[in-house]
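The values are calculated or read from the model by the stated rules, or taken from the named source; none is laboratory data. Since this is a predicted model, take the numbers as computed values, not measurements. Cβ sites come from the backbone with ideal geometry, for glycine too, and all protein chains shown count toward neighbours. Surface accessibility is based on the protein's heavy atoms, side chains included, excluding ligands, DNA and RNA. Shrake-Rupley method; radii C 1.70, N 1.55, O 1.52, S 1.80 Å.
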Amino acid sequence: TWGHAVSRDLIHWLYLPLALVPDHWYDIKGVWTGSATILPDGQIIMLYTGETNESVQVQNLAYPANLSDPLLLHWLKYPGNPVMVPPPGVKPDDFRDPTTAWLGPDGTWRLTMGSKFDTTIGISLVYHTTNFRDYELLDGVLHAVPDTGMWECVDFYPVAINGSVALDTSSLGPGIKHVLKASLDNTKVDHYAIGTYDPITDKWTPDNPEEDVGIGLKVDYGRYYASKTFFDQHKQRRVLWGWINETDTETADLKKGWASLQTIPRTVLYDNKTGTNLLQWPVEEVESLRLNSTMLKEVLVEPGSVVPLDIGTTTQLDILAEFEIEPLIPSTTNEIDDCGDGAVDRSTYGPFGLLVIADASLSELTPIYFRPLNASDGSLKTYFCTDETRSSKASDVFKQVYGDKVPVLDDENYNMRVLVDHSIVESFAQGGRTVISSRIYPTEAIYGAARLFLFNNATGVNVKATLKIWELNSAFIRPFPFERDCV
């Protein structure tokens, strides 16, 4: 089904009745992922994948029953559905998730969706339409990458090379690159790449073929999947939603009464400094949840030490942290590349960072840290990581070390922003160049027993940390109050 909720700020949400449910032969086995397109005349077009009574994935059209209803409570399904069926050579269950449409220079609308060739080649198909009822499949594909398997939840949008605001999905021209993102069904990981789109041939080419879609950059290096962006025309920003699923057992989920959630919405921009990646950042509205703040300047954290931060309640936090390192005598520690086996792996320059959702005795903790390592050219390459291996004493939970490289430029200190929410930790390094979402299940470090620490497990540097920490209020998420006249 398609759930339905409404918000004025992307933070507080009111639930509405279900928008689309399986009730026709073309979607009776599921109303699946789709996208909205707002037309120039204000019409709203929804395209979604339905699973038919014969388990075939088809694309269907829906639209609001009453555009003057600000809640868009009721939706109509086009009587001529389905509007697209799997083309020759595509298996019935490999054809899904249409994107938001964009308008080409010829006045024709385009959209893309995920599929695969020969079981291993991930592809994005391109369709043209002028009326959203009739569609023409183009020869060839927008892009294809061998050995990436089925692409789903494809996203495709423009970014400004030297801009500070986002672009409408149909934007074209000089100074614009395009992001192609795919969720890999085989690995359940979201990958993206930045490249050049040719609107005449409807082909997209990555800037760096060695970091093509599915083999290079990830949208998020943690527990995160099936993401989707939309363009907010009022604030000129592109907003990213992503899904965090569970890593405990189905029995535990049933006991909780819920499973899986959306991350805090993020804005997305092209990184003008590096020219190689995107920047993701929590939407500014999350700052409306900030309560009392604590400022800590140049806290010294010596090698091998843990420093408690006495700030009161630590289960819901917004943390800004900046770290400076002061090299000491060079160490001879054997340095393991990447994030290693977690925060216990010591090297000359790291790991150092925060311990969140920790109890006083450190029997449970989740380190979020930087790990600079000596590169072959004498420079430092830095990894940003989250270590879940000691996040919970529960034995039926999947716990992993997540992370990857993050660019740290010569004029930058190491900085991170961390949003903590009981069992969710979202971590943003260097302004959002590398992001990690964690789903953890503490048993001891809960409610009033949760603590926050700085740590430095490097062998060859002192670390000085400057932090601004806010306690966060809870967002309300509840049914819409239909008995009232206003929100």
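Heavy atoms only, probe 1.4 Å: what % of the accessible area of the chain goes to carbon and sulfur, would you let me know?
Details: 11050 of 21190 Å².
C and S atoms contribute 52 percent here.
Counting alpha carbon pairs within less than 8 Å and at least 6 residues apart, what relative contact order, in whole percent, applies to the chain? Mind dumping the intermediate values first?
Details: 1271 pairs, mean separation 61.6, N = 487.
Across the chain, relative contact order equals 13 percent.
Pairs of Cα atoms under 8 Å, at least six residues apart: use those to get the relative contact order of the stretch 2-284, whole percent.
Working: 667 pairs, mean separation 28.5, N = 283.
Once normalised by length, the contact order is 10 percent.
Collect residues whose amide H, placed 1.01 Å from N in the peptide plane, falls under 5 Å from the amide H of Ala5; neighbours closer than 5 in sequence don't count.
Correct list: Leu16.
Amide H to amide H under 5 Å from Asn186: which residues, 5+ apart in sequence or cross-chain, H placed 1.01 Å off N in plane?
Met150
Between Asn53 and His422, what's the calculated FRET efficiency when r is the beta-carbon distance and R0 is 41 Å? Round to 0.05.
On the way: r = 42 Å, r/R0 = 1.01.
Between Asn53 and His422 the formula returns 0.50.
Quick check on the stretch 2-284: take the gyration tensor over C-alpha atoms, sort the square-rooted eigenvalues as a ≥ b ≥ c, and tell me if it's rounded (a/c under 1.5), prolate or oblate. Kindly include the intermediate steps, with their values, before the conclusion.
Details: a/c = 1.18, a/b = 1.12, b/c = 1.06.
Verdict is rounded for the stretch 2-284.
Report the label-to-label distance for Arg290 and Ser164 in nanometres (one decimal), using points 7 Å from each Cα along the Cα→Cβ vector.
So the label points at Arg290 and Ser164 sit 1.8 nm apart.
Which of Lys116/Lys235; Lys218/Lys381; Lys255/Lys399 have a Cα-Cα distance over 28 Å?
Details: Lys116/Lys235 36 Å; Lys218/Lys381 18 Å; Lys255/Lys399 20 Å.
Distance filter (> 28 Å) returns Lys116/Lys235.
If packing is taken as the average number of other Cβ atoms within 10 Å across a peptide's residues, how do 189-201, 414-426 rank, most packed first? Please list the in-between numbers first.
On the way: 189-201: 18.1, 414-426: 21.3.
Packing order, densest peptide first, comes out as 414-426, 189-201.
Per residue of the stretch 340-357, in order, report the coupling 6.51 cos²θ - 1.76 cosθ + 1.60 (Karplus, θ = phi - 60°) as ³J(HN,Hα) in whole Hz, putting x for Gly and Pro.
Ordered by residue, 3J(HN,Hα) equals x, 9, x, 5, 7, 6, 8, 9, 4, 9, x, x, 8, x, 10, 10, 10, 6 Hz.
In whole angstrom, note down how far apart the Cα centers of the stretch 436-469 and the stretch 140-165 are.
Their Cα centres are 35 Å away from one another.
With all protein chains present, calculate the accessible area of Asp168 using a 1.4 Å probe and round the result to the nearest 10 Å².
Rounded to the nearest 10, the figure is 70 Å².
What is the stretch 344-442's relative contact order, in percent, from Cα pairs under 8 angstrom and six or more apart in sequence? If you can, show how the numbers build up before the last one.
Values: 201 pairs, mean separation 20.7, N = 99.
Relative contact order comes out at 21 percent.
Expressed as a whole number of Å, what is the distance separating the alpha-carbon centroids of the stretch 341-367 and the stretch 207-255?
Each part reduced to its Cα centre gives a spacing of 25 Å.
Give, rounded to the nearest 20 debye, the magnitude of the charge dipole that the chain has about its Cα centre when Lys and Arg contribute +1 at Cβ and Asp and Glu contribute -1 at Cβ.
Values: 39 positive and 65 negative charges, 143 e Å.
Roughly 680 debye, rounded to the nearest 20.
Could you calculate the contour length gain from Ala252 to Lys188, that is, 0.36 nm times the residue separation minus the distance between their Cα atoms, to one decimal place in nm? Walk me through the numbers before you get to the answer.
Numbers: separation 64, 0.36 × 64 = 23.04 nm, distance 2.15 nm.
Here the answer is 20.9 nm.
In a Debye calculation with equal point scatterers on the alpha-carbon sites of the stretch 291-472 and no solvent, what is log10 I(q)/I(0) at q = 0.09, 0.11, 0.16 Å⁻¹?
Each listed q corresponds, in turn, to -0.28, -0.42, -0.91.
Amide H to amide H under 5 Å from Val154: which residues, 5+ apart in sequence or cross-chain, H placed 1.01 Å off N in plane?
Correct list: Gly114, Ser183.
Which stretch or stretches of the stretch 226-264 have amide N atoms under 20 Å from the point lying 7 Å from Asp396's Cα along the Cα→Cβ direction?
245-261
With a probe of 1.4 Å, find how much accessible area the stretch 204-326 has per residue, and write the answer as a whole number in Å². Mind showing how you got there, number by number?
On the way: 5940 Å² over 123 residues.
Using a 1.4 Å probe on heavy atoms only, each residue of the stretch 204-326 averages 48 Å².
Based on the Kirkwood radius over alpha-carbon pairs, what value in µm²/s does the Stokes-Einstein equation return for the translational diffusion coefficient of the chain at 25 °C and 0.890 mPa s? Let's see the in-between values first.
Working: Rh = 24.0 Å.
Translational D for this selection: 102 µm²/s.
Return the distance in nm (one decimal) between the two label points of a simple spin-label model at Thr196 and Ser361, each offset 7 Å from Cα along Cα→Cβ.
If labels sit at Thr196 and Ser361, their model points lie 6.2 nm apart.
Which distance in nm do the two modelled labels at Lys203 and Ala259 give, with both placed 7 Å along the Cα-to-Cβ direction?
4.4 nm
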